[in-house]
Amino acid sequence: MTTRRTAVSAALLALLLPLAAAGVSTAAEASPAAAARPAASSDPQRTPAELPHPTGRFAVGQETLHLVDRRRTDPWAHAGPRELMVTMRYPARPGTGGPAPYLTAEEARLLLIDRELDQVIPAETLAGTRTHSRSGARPVGGRYPLIVLSPGFTVPRATLTSLAEDLASRGYVVAAVDHAYESAATAFPGGRVRECLACDQVDGPDGVRAVTEVRARDVSFLLDRLTARHPAWRHADLIDRSRIAMAGHSIGGASSLAAMAADRRIRAAIDMDGGFATPRPGSGAGGRPFMLLGAQANGPGAIDSWDEGWPRLDGWKRWITFAGSGHFTFTDFPAIADQLGLPDPDAPLAGARSVELTRRYVGAFFEQHLKGRPQPVLDGPAADAPEVRFHTP
């Protein structure tokens, strides 16, 4: 990773996540488990971690799509068509399919270098993280809501695997997207690995806006290909086209609002710890349900764009934070780091609990707004979730 890339990544995080106390983001904050490095002087844990088991009644199938948008030139490579890699997960028949990988070895190696953890965690350990999806599993017939997941800047779609698997197990089709050249490493067909060209090209508010607008177009293209008369995915008949939603982490969360503004097919969306870029809520949400799910520091007064946008969210809305959480709480990182003996002292919420709470509140949002099942957990504090704060600024 170049010095330029490190600086830009940290700068983007600073824009998306101004700290309540300091108002800036440091290189350590841009890297999950970075604060734990001094305690990792012993040999790192070499046994791969296992993601928490999904909570729904279905087994989880997985297939990978490579999509090419020949109508657009890639905005970061400035040549060739825009490409996406998408992991589809869906309700599946138990006992079918084979084990699904977490990352390729090269994706893991480059991600660890980008996170400055390559001297702490062996690439094969991260790549070998055990998932609960089955490649090529036979689907359970039916029509299910579709949820698009978009990851944070510089991190791959795999970092949202725990959430994606849980949603699929509860009766959703989930499309997790890697936006080419925006991750530390994304494997494409033919042995190609796309690194983060965007990292060297975007900076400041205009950079955040550019990324979210590119991702909004990516998501609309994905929806076009999944709902076309001749769709790109062989199991596309599982998708209920009238029930589509989106969630994202960090800049992926900011992109959920941009995508909702650009595409009326998106009925509801969640922003997990990413400051808004453009457009502002009101014009963007259009009365549709929207939830802000933030780290402990990101209640009212911490993120200007959330404070400014909250009054203009004109549909059903919630602003929730988790005590003891950090920016990466909503991803797989805490669960993996805890098992490898590398917890983040700045985000003491345990990894398993991080996954449990994220799944609970994200899942409840989609159950209510895509399946029409009221979820009391979204109405206010619960005795069994003392970490959860509801904000009504």
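The values are calculated or read from the model by the stated rules, or taken from the named source; none is laboratory data. This structure is a prediction, so every number in the text was calculated from the model and none was measured. Cβ coordinates were reconstructed from backbone atoms using ideal geometry, including for glycine residues, and neighbour counts include every protein chain displayed.
Assorted remarks:
- Filtered residue count, the range 227-265, keeping only those that are farther than 26 Å from ASP332 by Cβ, part of a loop (DSSP other than H, G, I, E, B) and touching a Phe, Trp or Tyr at 6+ places or on another chain (Cβ under 7 Å): 0
- Yes/no for ALA302 being over 20 Å from the mean Cα position of the chain (by Cα), in contact (Cβ under 8 Å) with a residue 40 or more places away in the chain, surrounded by fewer than 23 Cβ atoms within 10 Å (Cβ to Cβ) and more than 30 Å from GLN119 (Cα to Cα): yes
- Flag: ALA337 does not match the condition of being assigned to a helix (DSSP H, G or I), under 30 Å from ARG265 (Cβ atoms) and of a type in the set (Gly, Ala, Ser).
- Among the residues here, SER325 qualifies as touching a residue at least 60 places away in the same chain (Cβ under 8 Å), touching a helix residue (DSSP H, G or I) at 6+ places or on another chain (Cβ under 7 Å) and buried (at least 24 other Cβ atoms within 10 Å of the Cβ).
- In the range 197-232, the qualifying residues are those that are more than 17 Å from the chain's Cα centre (by Cα) and buried (at least 22 other Cβ atoms within 10 Å of the Cβ), and the one that is nearest to MET88 (Cα to Cα) is LEU226.
- Test: ASP332 is closer than 23 Å to PRO156 by Cβ, surrounded by 18 or more Cβ atoms within 10 Å (Cβ to Cβ), in contact with a Gly (Cβ under 6 Å, 6 or more places away or on another chain) and not β-branched (Val, Ile, Thr): no
Yes/no per residue for (1) surrounded by fewer than 24 Cβ atoms within 10 Å (Cβ to Cβ); (2) more than 25 Å from ILE251 (Cβ to Cβ); (3) not acidic (Asp, Glu):
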site: THR125; (1), (2), (3): yes, yes, yes
site: ARG130; (1), (2), (3): yes, yes, yes
site: LEU149; (1), (2), (3): no, no, yes
site: ALA185; (1), (2), (3): yes, no, yes
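- Taken over the range 266-302, residues that are in contact with a helix residue (DSSP H, G or I) (Cβ under 8 Å, 6 or more places away or on another chain) and in a loop (DSSP other than H, G, I, E, B) amount to 20.
- Top-ranked residue in the range 320-334 [being of a type in the set (S, T, N, Q) and part of a loop (DSSP other than H, G, I, E, B); ranked as nearest to PRO48 (Cα to Cα)]: THR331
- Within the range 193-244, the residues that satisfy the criterion of being closer than 21 Å to ARG71 by Cβ and polar (S, T, N, Q) are THR212, SER220, THR227.
- For the range 284-304, the candidate set comprises residues that are farther than 30 Å from PRO54 by Cβ and of a type in the set (A, V, I, L, M); within that set, the residue that is modelled with the lowest pLDDT is ILE303.
- Boolean, GLY274 is more than 19 Å from the chain's Cα centre (by Cα), over 23 Å from ARG72 (Cβ atoms) and not charged (D, E, K, R): no
For every residue, the table says whether it meets (1) without any contact (Cβ under 8 Å) to a residue 60 or more places away in the chain; (2) of a type in the set (Asp, Glu).
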residue: GLN119; (1), (2): yes, no
residue: PRO122; (1), (2): no, no
residue: THR131; (1), (2): no, no
residue: ARG143; (1), (2): no, no
residue: VAL148; (1), (2): no, no
residue: ASP166; (1), (2): no, yes
residue: GLY171; (1), (2): no, no
residue: VAL177; (1), (2): no, no
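- Across the range 305-319, the qualifying residues are those that are part of a loop (DSSP other than H, G, I, E, B) and surrounded by fewer than 22 Cβ atoms within 10 Å (Cβ to Cβ), and the one among them that is modelled with the lowest pLDDT is ASP314.
- Within the range 96-111, considering residues that are surrounded by fewer than 21 Cβ atoms within 10 Å (Cβ to Cβ) and within 19 Å of VAL173 (Cα to Cα), the one farthest from the chain's Cα centre (by Cα): THR96
- Residue among THR47, THR55, THR64 that is out of contact with any Phe, Trp or Tyr (no Cβ under 6 Å at 6 or more places or on another chain) and modelled with pLDDT under 95: THR47
- Residue list for the range 341-375, restricted to those being buried (at least 18 other Cβ atoms within 10 Å of the Cβ), modelled with pLDDT of 95 or more, of a type in the set (A, V, I, L, M) and more than 16 Å from LEU149 (Cβ to Cβ): ALA347, LEU349, LEU357, ALA364
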